[in-house]
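Shown next, in structure tokens, is the structure this report addresses.
The values are calculated or read from the model by the stated rules, or taken from the named source; none is laboratory data. Source: prediction; values computed, not measured. When we count neighbours, we look across all protein chains shown, and the Cβ atoms used for this are built from the backbone with ideal geometry, even at glycine. Just the protein is used for accessible areas: all its heavy atoms, side chains included, with ligands, DNA and RNA removed. Shrake-Rupley method; radii C 1.70, N 1.55, O 1.52, S 1.80 Å.
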Amino acid sequence: MKFKSRDRSILENIIIYLCLKANPISLRKITKLVYLVDLYYYELYDKQLTDVKFLHYKYGAWAPKIYDAIEKLCDEGILYERVVTTKDGYRATLPTPKVKETSISLPEDAFAVLESVISDWGEAEPQVVVNYTKTTIPFLRTAYDELIDFSHSDPIVEHAKKHKISTSEAATLSVLSNKELTDSILKADAELRK
């Protein structure tokens, strides 16, 4: 069964793609995977792929817009919400494809990012993905219940972009500019060479 992809938003296309490719998938995990898609994309292109506004929340990045998109996809008959009991005894809602395939319309660079996220996190348990997203720099640099700002990235990456140098050069300069750190590295190197 094919659906008109031009009627779907980028977010909806991403959700369908993730639901078809990631396992296991849950509402919580899909939210975190969309966050990671935007994070990976931002790191490459200095902009989010979606227009989703994520909030810093107790369980990691959260965005009600993702739940709305899943509901819309369920209404269209592309997904359905299957409720299961987890091994820990909790009830989890799993957005599940009703179709085996459908056309997905995204920019070519988006597919590469999606595949990276699937490769890194597609088979991970939802709690592992949640825990990781809570360690990302934009999340850590945002106060609770505030919008996550993807421009708050790694200071070394920011330095590299500002000075138009590679991140390796920026990291080296960062280390070399810290005398205490440089001395400890040189001392450790001397110990290893003994």
Revision key, fill the gap. Measuring from the longest principal axis of the C-alpha atoms of the chain, the long axis of helix 27-45 (C-alpha) lies at a number of degrees, nearest 10, equal to 50
Exercise for review: Report in % the part of the accessible area of the chain that belongs to carbon and sulfur, leaving out ligands and nucleic acids; probe 1.4 Å.
Suggested key: 53
Check your understanding: So what's the back-of-envelope 222 nm ellipticity for the chain, counting only DSSP H runs of four-plus at -39500 (n - 2.57) apiece and dividing by all residues, rounded to 500?
Key -> -16500 deg cm²/dmol
Check your understanding: In the chain, with Lys and Arg counted as +1 and Asp and Glu as -1 at Cβ, which of these residues, L73, N13, S151, has the Cα nearest the positive end of the dipole, that is, farthest along it?
Key -> L73
Exercise for review: Rounding to the nearest 20 debye, state how big the charge dipole of the stretch 41-106 is about its Cα centre with +1 on each Lys and Arg Cβ and -1 on each Asp and Glu Cβ.
Suggested key: 240
Check your understanding: What residues qualify as long-range amide H neighbours of L94, i.e. H under 5 Å apart, gap of 5 or more or another chain, H built at 1.01 Å from N?
Key -> R82, V83, V84
Exercise for review: Can you bin the stretch 16-64 into rounded, prolate or oblate? Criterion: square roots of the alpha carbon gyration tensor eigenvalues sorted a ≥ b ≥ c, rounded for a/c under 1.5, prolate for a/b above b/c, oblate for the rest.
Suggested key: oblate
**Study point:** Three-way shape call for the stretch 1-104 based on the alpha-carbon gyration tensor, with the a/c threshold at 1.5
**Key:** oblate
Revision key, fill the gap. Along the stretch 70-85, Karplus-curve 3J(HN,Hα) (6.51, -1.76, 1.60; θ = phi - 60°) to the nearest Hz, with x for Gly and Pro, reads 5, 4, 4, 5, 5, 4, 7, x, 8, 10, 9, 9, 9, 9, 10, 9
Practice item. May I have the convex hull volume per residue, in Å³, for the Cα set of the chain? Key: 165
Check your understanding: Any idea what the dipole of the stretch 66-194 comes to, in debye rounded to 20, about its Cα centre with Lys/Arg Cβ at +1 and Asp/Glu Cβ at -1?
Key -> 420
Practice item. Starting with the highest mean, order 137-144, 101-108 by the number of other Cβ atoms within 10 Å, averaged over the residues of each peptide. Key: 137-144, 101-108
Exercise for review: Would you kindly derive the ³J(HN,Hα) couplings of the stretch 100-112 from the backbone phi angles with the Karplus curve 6.51 cos²θ - 1.76 cosθ + 1.60 (θ = phi - 60°), listing them in order in whole Hz, with x for Gly and Pro?
Suggested key: 7, 8, 7, 6, 10, 10, 9, x, 4, 5, 5, 5, 5
Review point. If you take the square roots of the eigenvalues of the alpha-carbon gyration tensor of the stretch 43-120 and sort them as a ≥ b ≥ c, do you get rounded (a/c under 1.5), prolate (a/b over b/c) or oblate?
Key: oblate
Point to revise | Alpha carbon centroid spacing (whole Å) that separates the stretch 6-46 from the stretch 99-116 | key: 9
Check your understanding: What accessible area per residue comes out for the stretch 98-194, rounded to a whole number of Å², with a 1.4 Å probe?
Key -> 68
